[in-house]
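Novice: Dropping the structure in here first, questions after.
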Amino acid sequence: MVCRFFIATAFIAALLSSPARAEGEKSLRVHWNKSSETDLATVVIGDYDASPESNYLIGAVYGYQYSDTLFTLPLEMTANLGVQYLDERGYQDDGYGVTAYIKAHYRWELPWTDKQVRLGLGEGLSYVTRIPMSEVRDFAKKDGAKSEKLMNYLEWSIDLPLRQFEPLHGLFQGGAIEEASVGFLVWHRSSVFGLFSETGGGVNFMGFSFEAQF
């Protein structure tokens, strides 16, 4: 518990440090994700195996870009705060969640085209009012182990910016929205091999998102 407290304190301090308060682009992302049995090693390539519970979450994330680079690397860095509603489909009472994380973004130009996709990888903390049933079951398989409400959070995304398509240019003229993207997003909670709980375990929620940058 003490270890988890210090990790949480250090992370919050990083979000509130002076670089994170610099002027930068803001964003709002909404997403829908369904629980999956797929291992994280293959989930990033779109492999999907639905969980028996078929529970899902709906979330919204506010992001703040505080740097265009990471140690001179071309990685856009954002600080993010998200909220989630977790629908347990009658297996238990529904729950709510909060995530706080830092995310790196890389713009990759697709080979033989002039179009880009935006790859993102986030790391931080997740707290839920009720542990998702699919996560409870994953831990219970390990000699009846239990998960925790506060866990490590990892987010992986791939977005397709829409402004790069000429027919959509009119959507961004004269408005507050500078860019919009549609994408695929993985929402992942885990104990980091037992750091946040008595044993290793976690859960993946896979789905789609829409992000507006302003």
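The values are calculated or read from the model by the stated rules, or taken from the named source; none is laboratory data. Everything quoted here is computed from the prediction, not taken from an experiment. Neighbour counts are summed over all protein chains in view; Cβ atoms, including those assigned to glycine, are modelled from backbone coordinates with ideal geometry. Heads up: the accessible areas ignore ligands, DNA and RNA and are worked out on the full protein's heavy atoms, side chains in. Shrake-Rupley method; radii C 1.70, N 1.55, O 1.52, S 1.80 Å.
Novice: Among (1) within 25 Å of VAL192 (Cα to Cα); (2) loosely packed, with under 14 Cβ neighbours inside 10 Å, which single condition is ASP68 missing?
Specialist: Here ASP68 clears every test but (1).
Novice: Can you tell me which residue among SER134, SER36, SER51 is buried (at least 16 other Cβ atoms within 10 Å of the Cβ) and touching a helix residue (DSSP H, G or I) at 6+ places or on another chain (Cβ under 6 Å)?
Specialist: Being buried (at least 16 other Cβ atoms within 10 Å of the Cβ) and touching a helix residue (DSSP H, G or I) at 6+ places or on another chain (Cβ under 6 Å) holds for just one of SER134, SER36, SER51, which is SER51.
Novice: Can I ask one more? Being loosely packed, with under 15 Cβ neighbours inside 10 Å and part of a loop (DSSP other than H, G, I, E, B) is the filter here; which residues of the stretch 73-90 pass it?
Specialist: If the condition is that a residue be loosely packed, with under 15 Cβ neighbours inside 10 Å and part of a loop (DSSP other than H, G, I, E, B), then PRO74, ARG89, GLY90 are the ones that fit.
Novice: Kindly establish whether THR42 is modelled with pLDDT under 95, closer than 14 Å to TRP187 by Cβ, of a type in the set (S, T, N, Q) and not in a strand (DSSP E or B).
Specialist: no
Novice: Restricting attention to the stretch 135-175, which residues are assigned to a strand (DSSP E or B), within 13 Å of SER190 (Cα to Cα) and not aliphatic (A, V, I, L, M)?
Specialist: Once the filter is applied, which keeps residues that are assigned to a strand (DSSP E or B), within 13 Å of SER190 (Cα to Cα) and not aliphatic (A, V, I, L, M), the stretch 135-175 yields ASN152, TYR153, GLU155.
Novice: Output yes when any residue across the stretch 107-116 is outside any helix (DSSP H, G or I) and in contact with a Gly (Cβ under 9 Å, 6 or more places away or on another chain), and no when none is.
Specialist: Within the stretch 107-116, none of the residues are outside any helix (DSSP H, G or I) and in contact with a Gly (Cβ under 9 Å, 6 or more places away or on another chain).
Novice: Follow-up question, since we're still on this one. VAL182 passes all but one of (1) in contact with a Lys or Arg (Cβ under 9 Å, 6 or more places away or on another chain); (2) without any contact (Cβ under 8 Å) to a residue 40 or more places away in the chain; (3) β-branched (Val, Ile, Thr); which number fails?
Specialist: (1)
Novice: For SER147, which of the numbered conditions (1) surrounded by 19 or more Cβ atoms within 10 Å (Cβ to Cβ); (2) within 18 Å of the chain's Cα centre (by Cα) fails to hold?
Specialist: Here SER147 clears every test but (2).
Novice: Going through VAL192, VAL203 one at a time, which residue ends up being more than 18 Å from LYS34 (Cα to Cα) and either open to solvent by less than 40 Å² (accessible area, probe 1.4 Å) or in a loop (DSSP other than H, G, I, E, B) (or both)?
Specialist: Matching residue, one of VAL192, VAL203: VAL192.
Every residue, every condition in (1) within 21 Å of GLY63 (Cβ to Cβ); (2) out of contact with any Ser or Thr (no Cβ under 9 Å at 6 or more places or on another chain); (3) at pLDDT 95 or above; (4) not hydroxyl-bearing (Ser, Thr, Tyr), yes or no:
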{"position": "SER147", "(1), (2), (3), (4)": "no, no, no, no"}
{"position": "PRO167", "(1), (2), (3), (4)": "no, yes, no, yes"}
{"position": "PHE172", "(1), (2), (3), (4)": "yes, yes, no, yes"}
{"position": "SER181", "(1), (2), (3), (4)": "yes, no, yes, no"}
{"position": "LEU195", "(1), (2), (3), (4)": "no, yes, no, yes"}
{"position": "GLY200", "(1), (2), (3), (4)": "no, no, no, yes"}
{"position": "GLU211", "(1), (2), (3), (4)": "yes, no, yes, yes"}
